[in-house]
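Written out below as C-alpha cells is the structure these notes cover.
The values are calculated or read from the model by the stated rules, or taken from the named source; none is laboratory data. Just so you know, these numbers come straight off a predicted model, no measurement behind them. Methodologically, a virtual Cβ is constructed for each residue, glycine included, from the backbone with ideal geometry; neighbour enumeration extends over all protein chains shown.
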Amino acid sequence: MEHIAAFMLLIACSDDLQTCREYPAPAEAYETVEQCETELNPAVRMMPSGQMKPFGKCVEIDPALVYEDVEIVWDVTKANGIEVALEVINPSMDIQSLASAEFATTENNVH
C-alpha cells in the first residue's frame, strides 16, 4: 500500500482577503497528514504578527506526484478558508514543436 504524503500551506491575508501571501512551512513535506496536522496550529501561531487573517492547511498528495511537475494553485475565501488544487503540468509538451506548429498554421492562413 502506498503512503499518502502531505504538505503544509501557510497563508496570511489582509482583513478583507484582497491581499494574501504564502509563508514558509516548518517542513517541506510530511509522511502522513497526521504529522502535518500536529505541526499546523503551532505554525499558524508562529506567523508574523500584524497580519489580520492567518490561514493554514495540510494537503494530502500522492507520493507518485513527486516525480511530476505539479503546480499548487490556492485561493482563500471567507466561506471555505484555503482552497487548494494540484495541477499536473504536462511534461511531454514540447514547446518548440508547439511554436512551430502554430507558426505553420499561421503561414497557411496567410496564403
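Can you tell me which residue within the range 60-81, out of those that are closer than 23 Å to T32 by Cα and among the aliphatic types (A, V, I, L, M), is surrounded by the most Cβ atoms within 10 Å (Cβ to Cβ)? My answer is I61.
Please determine, by comparing only the residues of the range 60-79 that are closer than 14 Å to I11 by Cα and touching a residue at least 12 places away in the same chain (Cβ under 8 Å), which one is nearest to the chain's Cα centre (by Cα).
Applying the filter and picking the extreme gives I72.
Of M8, M1, all but one fail to be of a type outside the set (K, R), at pLDDT 90 or above and either in a loop (DSSP other than H, G, I, E, B) or closer than 21 Å to V88 by Cα (or both); the exception is M8.
Selection within the range 34-59: residues that are buried (at least 17 other Cβ atoms within 10 Å of the Cβ) and either among the aliphatic types (A, V, I, L, M) or free of Cβ contacts under 8 Å to residues at least 24 places away in the same chain (or both). The member of this set that is nearest to D75 (Cα to Cα) is V59. Note on the range 18-33: residues that are touching a residue at least 12 places away in the same chain (Cβ under 8 Å) and either acidic (D, E) or surrounded by fewer than 15 Cβ atoms within 10 Å (Cβ to Cβ) (or both) total 8.
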